[in-house]
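Just so it is clear, none of the values below were taken in a lab; they were calculated from the coordinates. Quantities reported herein were computed from a predicted structural model and do not represent experimental measurements. Cβ: placed from backbone, ideal geometry, glycine included. Neighbour counts: every protein chain shown.
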Amino acid sequence: FATLYIVPTPIGNLDDISARAIEVLKQVNWIAAEDTRHSSRLLQHFSISTRTLSLHDHNEDKRTAMLVQRLKDGESVALISDAGTPLISDPGFVFVRRCREEGIPVTALPGPCAAITALSASGLPTDRFIFEGFLPVKTQAKDNQLAELKERTCTSVFYEAPRRILATVKDIDRVLGDRHIVVAKELSKTFETYVSGTPSDVIDYLEAEAAHQKGEFVVMVSPAQVNLSEISAEAMSLLTTLCDHMP
Ligand code: SAM
């Protein structure tokens, strides 16, 4: 069997593509792209003339069957999405799972991902975090998901579309109140910006100028503060005993 390569592409700055990504995209028999027209600009820029075909949410089942057969016939495939790492809030899961089931080799190249890029520069704790992708659009489902953050003791990372960024930060304000949040905008692009503070600080920024709500956003919410008075007496006594036995 030939190999399926998962190839991340830039999230803004074209120079962020890796030398290995260019090499793989040149060498494979096929590039499966989320949107072939969108990706043709990137491929042209790097003089990559490999044949492309589309693989998106609406044809993934059909394409998977066809591409799995090609891989079995010895033709290698690179999977790319419009930007960043394929499968991370992007298509490809059905395809990769099928390849794994069929024993087809799958290898992923490390590369750009908006969530990881934003988190690493956010100043929020990075030791434990949850990536939530996009929040649901419907109010009740969105509120339920945000309510889970009330007790969550690690950083939460979301993607958000420009048309919903203001509403989402207002929802965070309503559901979580004064939690510290960081919004990262236009990462690796000319107008890259990090805004941090309470949700109402971020709302002030977003409402200050129409341009502030344009672009691409990653929203990060700090962990809930553990309130010592809420720790049960039993847990507290256990903690005290444990501390007494520490060297
Ligand atoms: N697969 C991509 C990745 O690895 O980051 C994410 C694809 S998802 C469909 C697109 C979302 O990612 C955008 O709506 C935005 O929330 C986030 N995003 C992508 N590029 C970004 C950038 N340059 N700056 C900030 N957020 C970005």
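Considering 7, 68, the condition of being among the hydrophobic types (A, V, I, L, M, F, W, C) and closer than 17 Å to residue 110 by Cα is satisfied by 7 alone. All conditions in (1) more than 10 Å from the ligand (Cβ to nearest atom); (2) hydrophobic (A, V, I, L, M, F, W, C); (3) surrounded by 18 or more Cβ atoms within 10 Å (Cβ to Cβ); (4) under 21 Å from the mean Cα position of the chain (by Cα) hold for residue 137, with the sole exception of (3). With the condition kept exactly as written, say whether any residue in the range 150-169 is of a type in the set (D, E, K, R), away from the ligand (no atom under 14 Å from the Cβ) and without any contact (Cβ under 8 Å) to a residue 60 or more places away in the chain. No, the range 150-169 contains no residue that is of a type in the set (D, E, K, R), away from the ligand (no atom under 14 Å from the Cβ) and without any contact (Cβ under 8 Å) to a residue 60 or more places away in the chain.
Candidates in the range 114-128 are the residues that are under 12 Å from residue 222 (Cβ atoms) and surrounded by 20 or more Cβ atoms within 10 Å (Cβ to Cβ); of these, the one that is nearest to the chain's Cα centre (by Cα) is 119. Residue pairs whose Cβ atoms lie under 6 Å apart, separated by 6 or more positions or on different chains, with the first residue in the range 183-197 and among the charged types (D, E, K, R) and the second in a strand (DSSP E or B) and more than 6 Å from the ligand (Cβ to nearest atom), are 185/193.
What do you reckon, is residue 111 over 18 Å from residue 158 (Cβ atoms), within 13 Å of the ligand (Cβ to nearest atom) and buried (at least 19 other Cβ atoms within 10 Å of the Cβ)? So residue 111 fits the description; yes. Give the residue that is nearest to residue 6 (Cα to Cα), with candidates limited to residues of the range 84-108 that are surrounded by fewer than 23 Cβ atoms within 10 Å (Cβ to Cβ) and near the ligand (Cβ under 8 Å from one of its atoms). If we take residues in the range 84-108 being surrounded by fewer than 23 Cβ atoms within 10 Å (Cβ to Cβ) and near the ligand (Cβ under 8 Å from one of its atoms), then 87 is nearest to residue 6 (Cα to Cα). Taking the range 142-161 as the range and being closer than 25 Å to residue 215 by Cβ and exposed (fewer than 13 other Cβ atoms within 10 Å of the Cβ) as the test, only 161 passes. Note on the range 4-38: among residues that are free of Cβ contacts under 8 Å to residues at least 40 places away in the same chain and either assigned to a strand (DSSP E or B) or touching a Phe, Trp or Tyr at 6+ places or on another chain (Cβ under 9 Å) (or both), the one that is nearest to the ligand (Cβ to nearest atom) is 14.
Mind checking which residues of the range 29-59 are of a type in the set (D, E, K, R), within 20 Å of residue 89 (Cα to Cα) and surrounded by fewer than 19 Cβ atoms within 10 Å (Cβ to Cβ)? Answer for the range 29-59, where residues must be of a type in the set (D, E, K, R), within 20 Å of residue 89 (Cα to Cα) and surrounded by fewer than 19 Cβ atoms within 10 Å (Cβ to Cβ): 35, 37, 57. Residues of the range 39-57 that are among the β-branched types (Val, Ile, Thr) and touching a residue at least 24 places away in the same chain (Cβ under 8 Å): 48, 50. When the range 188-212 is filtered for residues that are aromatic (Phe, Trp, Tyr) and surrounded by fewer than 16 Cβ atoms within 10 Å (Cβ to Cβ), the ones remaining, listed by number, are 191, 194. Test of understanding: among 76, 81, which residue is away from the ligand (no atom under 16 Å from the Cβ), of a type in the set (Ser, Thr, Tyr) and touching a residue at least 60 places away in the same chain (Cβ under 8 Å)? Matching residue, one of 76, 81: 76. Residues that are touching a strand residue (DSSP E or B) at 6+ places or on another chain (Cβ under 6 Å) and farther than 20 Å from residue 134 by Cβ are absent from the range 224-247.
Residue count for the range 1-31 under the criterion of being more than 20 Å from the chain's Cα centre (by Cα) and not β-branched (Val, Ile, Thr): the result is 11.
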